[in-house]
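The values are calculated or read from the model by the stated rules, or taken from the named source; none is laboratory data. Please read these numbers as outputs of a predicted model, since none were measured by experiment. A quick note on method: Cβ atoms are made from the backbone with ideal geometry, for glycine too, and the neighbour counts reach across all protein chains shown. Note: accessible area is taken over every heavy atom of the protein model, side chains too, but ligands, DNA and RNA are not part of it. Shrake-Rupley method; radii C 1.70, N 1.55, O 1.52, S 1.80 Å.
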Amino acid sequence: MWSRSGTTALGAVLAGALLALAVLAAPGTAAAAPRDQPGGTTGVLDSAELTALQDQAADVQGDLQERQATVTAAQDRLASAQQVADAAAAEVAAADTVLTQQQVAVSRYASAVYRDGGAPTALSLLLAGGDPGDVVSALGYLDVIDTGTDAVLQAAEDRRQQALAQQASADAALSDSRTEADAVAAQVGELEAAAASVTSRLDEALGVVDRQLAQLQAEQLQVNADTAAAWQGYVDQLAAAGVLPPPAAALRDPVAGLPAGLVPVGGSTGAAQPGAAQLPRQPTSLLVLPAETVAAVSAAMTDLGLPFAPGTAGPESFDCGSLVQTAYAAAGIAVPGTQGELFATTSPVAPVDVLPGDLVFLGSAESGLSHVGIALDPQTMLAADGRAGAVVVRGLPADQVLGIGRPSLALRAPVAVPGPTGGALAVECGNTVYPATYDGSRSWGGYPNGLIPPSALCPLGAAGHALRCDAAAAYRAMSAAFAGAFGPALCITDSYRSYASQVTLYGQKPALAAVPGTSNHGWGLAVDLCGGVESYGTAQYAWMVANAGRFGFIHPTWADPGNGREEPWHWEYAGS
């Protein structure tokens, strides 16, 4: 009933019945062929010129970071010197006042003695026109002056001279601090000028990258649309041939028998492949997949173009594992929701035996398991891709295939999942995962901080504001929940911050703003909010504290009350 020639038949099946899925061969779509890393760019992004510019920007950032502590220390010393100088000036003013009062009292006393021919009395002072308050004050001074007016005046003058000396010392220290602060400011100004210079050239290069990316995204949309149409064409072929896809259980043991009219599909080992069949016909046989597989792939096709967002499971966004789980759940097959669990439990098949609906596990010896997607043919897979930031049809790189799994077969006992080796960072859904303590450049999608092309970002629904697509999806959901509690949506003042805008802000607030190229705003991960959230103790701020974590947003510890840099308005996406 089945022979070794079934291997050849499989090739004919994939070349014939699934010809519509071969996007490369579709008329007019050659320029929109699936890529190994959709959304990534070549040319300018990988050019030596841009690399040199980025290195120059990194050098400036390093210098600015080194100067940051110097700037803060100089400003602190200047503020302290100003306080001392102000206090010294106040003491001089107080000493002048005391001396003047003493001089007036002595003068009045001498005048009274001369006029009255003797020591003044309260009556003589009143008759001289003084008011009762002056009389009491004068008589108080008389007790002192009687012991020696010269000593009184000398003491007041001594205090004044001491105050003047203190003021001179404080003014000198203040002058030194101002000179130091001016020198530091001049050095920082030179660095800011260098940053501004490299920024203008980076912006030009980024513009080219953005145009390339926009073109690639347009091509990707065409690939997605053509692939979805081709898949529907395959489903229509089954219907036209009168084939009702059988349940997965009916195809799991082709040796025991298959539904009437169907024959096995050959495998690379010479045995029939479980979980699939074919309808013999001329000129090519028609591949018959389980009903659940057809339903799962069809469900996944409807998610093409949705944002990739780590830790989400629809309906607005997915990660690679949750996309697989959701698609197969819609078909009635329960599978895990992470790339590791899927690898560990899905029944394996040989890579050369891959069929539509199989799971493709990608990775390398260094990174271990790094991605999972749904195979469409031996060269193509559908996945929620971290590099593309969306659910896309992408190339299937044969040299990165760690394994193939078939969800229509029973789950296996869990096996070990290949992990990173040699200190390599883990990779999830095609994108490197950086730990929270990582001090290096947390590149995303191949883009540096503040140099993410606008086309790679997603809007927040507020004019002019955008974030990394996973953060944007989470923000929109959070804003909708906030609106349910308060009426208006979240109020926002700042989101993604380009390298150029970071340079500008640092020039305005060097002691407060992050060094250009290091801000979480530059990764498209941070927002500054308003509408009540910008103040501690409000109902809106309390709502964020209680609910933001559900959407992957946190209020960083450094911005909490009492930690020296209080920013109730600043929130960061930590979902990845």
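Not counting ligands, DNA or RNA, and with a 1.4 Å probe, what is Arg394's accessible surface area in Å² rounded to the nearest 10?
0
Arranged from highest to lowest average of other beta-carbon atoms within 10 Å per residue, in what order do the peptides 323-332, 547-556, 477-486 appear? Please report the intermediate quantities before stating the final value.
Details: 323-332: 21.8, 547-556: 17.8, 477-486: 16.1.
So the peptides 323-332, 547-556, 477-486, ranked by packing, come out 323-332, 547-556, 477-486.
How would Tyr475, Tyr496, Tyr536 rank on accessible area, largest to smallest, probe 1.4 Å?
Tyr536, Tyr496, Tyr475
Using a 10 Å cut-off on Cβ atoms, rank the peptides 287-293, 468-474, 308-314 from the highest mean neighbour count down.
468-474, 287-293, 308-314
So how compact is segment 279-407: Cα radius of gyration and Dmax in angstrom?
So, for segment 279-407, Rg and Dmax equal 14.1, 47 Å respectively.
Could you give the radius of gyration (one decimal) and Dmax (whole number) of the Cα atoms in segment 335-427, in Å?
Cα radius of gyration and Dmax of segment 335-427 are 12.5, 36 Å respectively.
What does the highest-first list of 173-183, 421-431 look like by mean Cβ count within 10 Å?
Ranking, from highest mean packing down: 421-431, 173-183.
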